[in-house]
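S.K.: For reference, the structure I am asking about is given below.
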Amino acid sequence: MKFEISLFRFDCKSDYLPYYTPHFINIKDEKNLLDILNTLNKENKFSYENNDSLCLCINGIYTSTSITCKDLFKHFGTDITIEPLSTRRSYLDLLIDDEDFQEKLFLLNDYLDEDDKTNYQSYKMYFYASNTLNFAKDYIGDAFLLLASDIIEKNNSLEKDILNICSQVEYGIEYHTSLKHRIYNLDCNIENKINKLKNKLILKKTKHKYKINKNLNFGDFEEVVEVKHDFANFNIAYFEGLNQDKQTKSLLNKTNAKILKISSLKNDLALDTFASHPIFTYKIASSMMLDAFDNSADLLIVDDLETFNLLDSNRKELETYSNRDIILPILHKNEFSKLISGKHSIIKQNLSKHNIDPELI
């Protein structure tokens, strides 16, 4: 087994920007990622914590150095990029300044024992893995929410006090975005604990809704019997979101298009957050679309009407908060199926009502 590795490097005392050094390693006696780091370090010194509980980011997914070489190969392949938990907080290679993580604990100080403090440290990966931090840097953090849940579970008499603290935080639980697809082998109990805490809080409700295009009619999904347009020479991005749609996946398998693999296409768009914090949702959505566009996508496929309306009917808002034009056409899966079947004339009028007509591409 051979890995081609790009290793994040940065020294805040001498480097203006981070860089990546290339490494090639044939796995011999190495059992896990920590062994790989130790081997690389013997060849070319760099800074990291030499323990198997160290958490890192591998190809955009968060995991620990205890991950085996076998699982590393199975999940990430042979071409891997190794980065610290936060590239923004790095001060020396894979070492980070975690003050932003540590300072959040202060709000719960009056309710903590030593076990709680230890638990909080074990939640560090969940804090930095959250996509929310990329758009709301003052977010209280998933680690804080998990610890709050633990305190309530351990001593129910403190529930009112803990919920009150959570509700007073400016960038609190309503900014949570799912960790699914962002952490390797995520324990489903993590999301369940945060959602249970969210349900206990009485969050402010508003009627703010994003714009919808009432003139569009995607019709029913149609199975493709005969492929008449295979989208050869197209680069297609599929916004999978948190749950992959079997019908869309089946359609993609029938094409000869290049299906782009972009991690942001599996992110939570924070649709549930839109009512109270629309700008937050716009920023996440626009970032995802620009990620697809910058990776040369010709089309972006979506599964449902709600996502389509956010991305296509609110394009001006997305452009406003990204400070860039977003000229990527959006196709609903029902339209995509008809195009593959060669039924362009049937949906031509519908396509012309898109913010950007896919026929122009």
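The values are calculated or read from the model by the stated rules, or taken from the named source; none is laboratory data. All values reported here derive from a predicted model rather than from experimental measurement. Reconstructed Cβ throughout: ideal geometry from the backbone, glycine too, with neighbour counts over all protein chains shown.
S.K.: Within the set of pairs 6 or more residues apart or between chains, which connect a residue that is over 19 Å from Lys70 (Cα atoms) and assigned by TED's automatic domain parsing to the domain that holds Leu33 inside the range 1-12 to a residue that is part of a strand (DSSP E or B) and among the charged types (D, E, K, R) with Cβ atoms less than 8 Å apart?
M.R.: Pairs that qualify, where the first residue is over 19 Å from Lys70 (Cα atoms) and assigned by TED's automatic domain parsing to the domain that holds Leu33 and the partner is part of a strand (DSSP E or B) and among the charged types (D, E, K, R), are Phe8/Glu83.
S.K.: Being closer than 26 Å to His176 by Cβ, surrounded by fewer than 18 Cβ atoms within 10 Å (Cβ to Cβ) and polar (S, T, N, Q) is the filter here; which residues of the range 236-268 pass it?
M.R.: Those that are closer than 26 Å to His176 by Cβ, surrounded by fewer than 18 Cβ atoms within 10 Å (Cβ to Cβ) and polar (S, T, N, Q): Asn243, Gln244, Ser263.
S.K.: So which residues in the range 132-191 are surrounded by fewer than 21 Cβ atoms within 10 Å (Cβ to Cβ) and of a type in the set (Lys, Arg), if there are any at all?
M.R.: Lys137, Lys154, Lys160, Lys180
S.K.: Identify the residue in the range 36-49 that is at pLDDT 95 or above and either among the polar types (S, T, N, Q) or in a loop (DSSP other than H, G, I, E, B) (or both) and, among all such residues, is surrounded by the most Cβ atoms within 10 Å (Cβ to Cβ).
M.R.: For the range 36-49, the residue satisfying everything is Tyr48.
S.K.: Residues being in a loop (DSSP other than H, G, I, E, B), of a type in the set (Lys, Arg) and closer than 25 Å to Asp291 by Cα: count how many of those fall in the range 316-361.
M.R.: 2
S.K.: Answer yes if at least one residue in the range 66-73 is touching a Cys at 6+ places or on another chain (Cβ under 9 Å), of a type in the set (Val, Ile, Thr) and modelled with pLDDT of 95 or more, and no otherwise.
M.R.: Within the range 66-73, the first condition is being touching a Cys at 6+ places or on another chain (Cβ under 9 Å), and the residues that meet it are none.
No, the range 66-73 has no match at all.
S.K.: Taking the options Lys74, Lys31, name whichever one is charged (D, E, K, R), surrounded by fewer than 14 Cβ atoms within 10 Å (Cβ to Cβ), touching a helix residue (DSSP H, G or I) at 6+ places or on another chain (Cβ under 7 Å) and assigned by TED's automatic domain parsing to the domain that holds Phe8.
M.R.: Values: Lys74 fails: touching a helix residue (DSSP H, G or I) at 6+ places or on another chain (Cβ under 7 Å).
When all the criteria are applied, what remains is Lys31.
S.K.: How do the helices (runs of 4 or more DSSP H) wholly within the range 95-173 filter down when requiring 3 or more residues that are closer than 30 Å to Pro18 by Cβ: which remain? Steps first, answer last, please.
M.R.: On the way: elements: 99-103, 114-122, 124-129, 142-154, 159-168.
Where helices (runs of 4 or more DSSP H) fall fully within the range 95-173 and carry at least 3 residues being closer than 30 Å to Pro18 by Cβ, they are 99-103, 114-122, 124-129, 142-154.
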